[in-house]
């Protein structure tokens, strides 16, 4: 038995048929925590997920045609949320809570597609202020951490956005879990038809000291959306109250 986590830019979910397809896909893959981006829903429409998803729902809205992020937590996962933060731009939703006696911070992020120092600073500050040593965030960060491996055609130089994101990961102590488990593999999460290019811009980042709990991470197929979901699976036995042991650095 495993716990399954997914991040996915769904490129709109205001169409009820598409929203049902998204939720059916999560259900088929037995996802217990989902980070979705570009939901394209108002506050009232986001509340539809409360009826359609079996569990907790946290979101940040922007408009019915742009942005929007959401965290879905399955009812079978005993996560007690104690604090949340959402921005006003539909780009950041954070939820802090207790799971098996440990404080954990979850986040769904949709970064601007151009470098934005204000956004980077806001995200960094909020992650620090929420004050959890156990962080798990997913999202579309709109940049490739390793342009040579994560883009096709490959690039040899890092963008300002990439450098900024890498600095944030280093300062907070987060690791790109898919790359951590697949150090030399080339795989992509987004296909741009206008630019005839592919890139890996969707990630799950976790606190470095939690990486040993992860069983596997994979990139799904591009269907329903123009982005592929990124999945993380870990052995549920490691999450039992008497076995969930976080390795902390001193």
### Query
Relative to the compact globular guide of 2.2 N^0.38 Å, what is the alpha carbon radius of gyration of region 2-239, as a ratio?
0.93
### Query
Taking the DSSP beta bridges in the chain as the whole, what percent of them are antiparallel, to the nearest 5?
80
### Query
When the label point is put 7 Å from the Cα of residue 166 along its Cα-to-beta-carbon vector, which residues of region 132-157 have a backbone N closer than 13 Å?
144-150, 155-157
### Task
Let me know the whole percent of all Cα-Cα pairs from region 93-234 that are separated by more than 20 Å.
46
## Note on the structure
The base-10 log of I(q)/I(0) that the Debye equation returns for region 1-70 at q = 0.17, 0.20, 0.21 Å⁻¹, one scatterer per C-alpha, is -0.54, -0.76, -0.83
## Note on the structure
One finds, for residue 182 and residue 27 with R0 = 25 angstrom and r their Cβ-Cβ distance, a FRET efficiency to the nearest 0.05 of 0.45
### Task
Per DSSP H run of at least 4 residues, take -39500 (n - 2.57); add these up for the chain, divide by its residues and hand me the 222 nm value, nearest 500 deg cm²/dmol.
-6000 deg cm²/dmol
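None of the figures in this text is laboratory data; all of them are computed from the coordinates on show. Source: prediction; values computed, not measured. Because the Cβ atoms are built from the backbone with ideal geometry, glycine has one as well, and the counts that use them run over all protein chains shown.
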